[in-house]
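The values are calculated or read from the model by the stated rules, or taken from the named source; none is laboratory data. What you are looking at is a predicted structure, and each value in this text was computed from that prediction instead of being measured. Please note: Cβ atoms are built from the backbone with ideal geometry, for glycine as well, and neighbour counts cover all protein chains shown. The area values use the complete protein model at the heavy-atom level, side chains included, leaving out ligands, DNA and RNA. Shrake-Rupley method; radii C 1.70, N 1.55, O 1.52, S 1.80 Å.
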Amino acid sequence: CLVDMHIPDWEPVFFSEFDSRAYIRAMQTAGIDTAYFYADSCVGICNWATRIGHQHNGLRGRDIVKELTEGFRDAGINTVAYINIWSKWVCETYPEWKCLNQEGKDSLENLWNQPGRYGLPCLNSPYNEYVCGLVRELCENYEFSGLWVDMLLWRTVCYCPNCRKRFLEETGHELPEKVNWDDPVWHLFLQKREEWSERFYREIIDTVHRYKPDATVTCNSSYYPNFLYG
């Protein structure tokens, strides 16, 4: 997992010493038939030459996704690209896309009842199109057999302006401010959150299959079922 710490001119030793060819030879020796690789990380930093997002500063333009996908292909090893829906970089760059809890705090201010290091953009913001754009870039420029999309879930009940606007437009109601299982509007809100999540998953899957009809797509959200996560 390659994490950009936002330190000026920070260049991890890993990038200067990483030999992708030796790495692939080692996987061949180990008899690996399918390799996952991090296309981006849980802080939203890309490991390829992206035009849409932010490439890891330590790479200094080096495209290790290209090196790995081409090398694995030549070695006869299947590849699965990993992307993470959380993005600290997006939340810092596009603050209007952040999930906000009922107190108006984002995940960097409060996550798991403490300041967080992970940024949670809202699925109802333009982040939706941003993610599909990243997926499109990967599909257009790199060969891989599957895509693993991690952390596809609501981490909080979001009260950002994007959610408020969409709920009002689709239902005619303001967002309910209290958990009330006897309130039909509360149930409608939960239903909408599930619908919005599902649409987002489908947009990602459809984007992949427009370019790679045979690719597998996994949308992972391995949490206990809970209304909080949608």
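Summary table below
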| item | result |
| --- | --- |
| Verdict on LEU100 being buried (at least 18 other Cβ atoms within 10 Å of the Cβ), in contact with a helix residue (DSSP H, G or I) (Cβ under 7 Å, 6 or more places away or on another chain) and not charged (D, E, K, R) | no |
| Single condition GLU169 does not satisfy, out of (1) free of Cβ contacts under 8 Å to residues at least 60 places away in the same chain; (2) under 19 Å from PHE200 (Cβ atoms); (3) open to solvent by less than 40 Å² (accessible area, probe 1.4 Å) | (3) |
| Sole residue being more than 30 Å from CYS42 (Cβ to Cβ), open to solvent by 20 Å² or more (accessible area, probe 1.4 Å) and outside any helix (DSSP H, G or I), chosen from GLU174, GLU143 | GLU174 |
| So ARG51, is it over 22 Å from ALA215 (Cα atoms) and open to solvent by 20 Å² or more (accessible area, probe 1.4 Å) | yes |
| Subset of segment 116-131 that is of a type outside the set (A, V, I, L, M) and in a loop (DSSP other than H, G, I, E, B) - its residue that is surrounded by the fewest Cβ atoms within 10 Å (Cβ to Cβ) | ARG117 |
| When residues of segment 25-74 are limited to those that are assigned to a helix (DSSP H, G or I) and among the charged types (D, E, K, R), the one nearest to TYR94 (Cα to Cα) | LYS66 |
| Selection count where residues are modelled with pLDDT of 95 or more and open to solvent by less than 90 Å² (accessible area, probe 1.4 Å), scope segment 212-226 | 4 |
| Residue, surrounded by the most Cβ atoms within 10 Å (Cβ to Cβ), within segment 69-86, restricted to residues that are more than 20 Å from the chain's Cα centre (by Cα), on the phi < 0 side of the Ramachandran plot and of a type outside the set (S, T, N, Q) | PHE72 |
| Qualifying positions in segment 183-205 - open to solvent by less than 70 Å² (accessible area, probe 1.4 Å), free of Cβ contacts under 8 Å to residues at least 60 places away in the same chain and over 30 Å from ASN78 (Cβ atoms) | ASP183, VAL185, TRP186, LEU188, PHE189, LEU190, LYS192, ARG193, GLU195 |
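Here's the yes/no breakdown for (1) out of contact with any helix residue (DSSP H, G or I) (no Cβ under 9 Å at 6 or more places or on another chain); (2) over 23 Å from CYS219 (Cα atoms); (3) not charged (D, E, K, R):
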residue	(1), (2), (3)
GLU96	no, yes, no
GLY104	yes, yes, yes
PRO126	no, no, yes
TYR130	no, no, yes
GLU140	no, no, no
ASP150	yes, no, no
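Residue by residue, here is whether (1) part of a helix (DSSP H, G or I); (2) farther than 30 Å from ILE77 by Cα; (3) in contact with a strand residue (DSSP E or B) (Cβ under 7 Å, 6 or more places away or on another chain); (4) among the charged types (D, E, K, R) holds:
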residue: VAL149; (1), (2), (3), (4): no, no, yes, no
residue: LYS178; (1), (2), (3), (4): no, yes, no, yes
residue: TRP181; (1), (2), (3), (4): no, yes, no, no
residue: THR207; (1), (2), (3), (4): yes, no, no, no
